[in-house]
1. List the number of the failed condition for ILE94; all other conditions in (1) part of a strand (DSSP E or B); (2) β-branched (Val, Ile, Thr); (3) closer than 20 Å to THR35 by Cα hold.
2. Taking THR65, is it over 19 Å from ILE94 (Cβ atoms) and not small (Gly, Ala, Ser)?
Amino acid sequence: MDIRLLAIAAVLPLAACTQEKPPVESTPPPSAEMTCSAAAASSFVGQTASADVGAAIVKATGARTLRWGPPRSAMTMDYRQDRVNIMYDDAYKITQVTCG
């Protein structure tokens, strides 16, 4: 058997393990228009939770994402300044609108 063939067979699995470093990208800080304003949605408290009301709250608060908070559910504590949180009770009445 040729020694070169054995050398290639030994090195080939190691070549699959190499990694290139991904390019470093600097992400700009979120702009002011991406920031949520919960005070703008205070009029929605007491209304029935629905997709249409959720869309209206996102538009009113300036948020980019929406998170529903069903009753007795756990939520992560990560803070996102571009997210609006809508908590509601068993009757689907909105009890609280917060940002984060």
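The values are calculated or read from the model by the stated rules, or taken from the named source; none is laboratory data. Computed from a predicted structure; not experimentally measured. Glycine gets a Cβ as well: all are built from the backbone with ideal geometry, and neighbour counts include every protein chain shown.
1. Single failed check for ILE94: (3).
2. Working: over 19 Å from ILE94 (Cβ atoms): no; not small (Gly, Ala, Ser): yes.
The answer is no for THR65.
Here's the yes/no breakdown for (1) under 25 Å from the mean Cα position of the chain (by Cα); (2) assigned to a loop (DSSP other than H, G, I, E, B); (3) at pLDDT below 85; (4) exposed (fewer than 14 other Cβ atoms within 10 Å of the Cβ):
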residue: LEU5; (1), (2), (3), (4): no, no, yes, yes
residue: PRO13; (1), (2), (3), (4): no, no, yes, yes
residue: GLN19; (1), (2), (3), (4): no, yes, yes, yes
residue: GLU25; (1), (2), (3), (4): yes, yes, yes, yes
residue: ALA40; (1), (2), (3), (4): yes, no, no, no
residue: ALA60; (1), (2), (3), (4): yes, no, no, no
residue: ALA63; (1), (2), (3), (4): yes, yes, no, no
residue: ARG80; (1), (2), (3), (4): yes, yes, no, no
residue: ASN85; (1), (2), (3), (4): yes, no, no, no
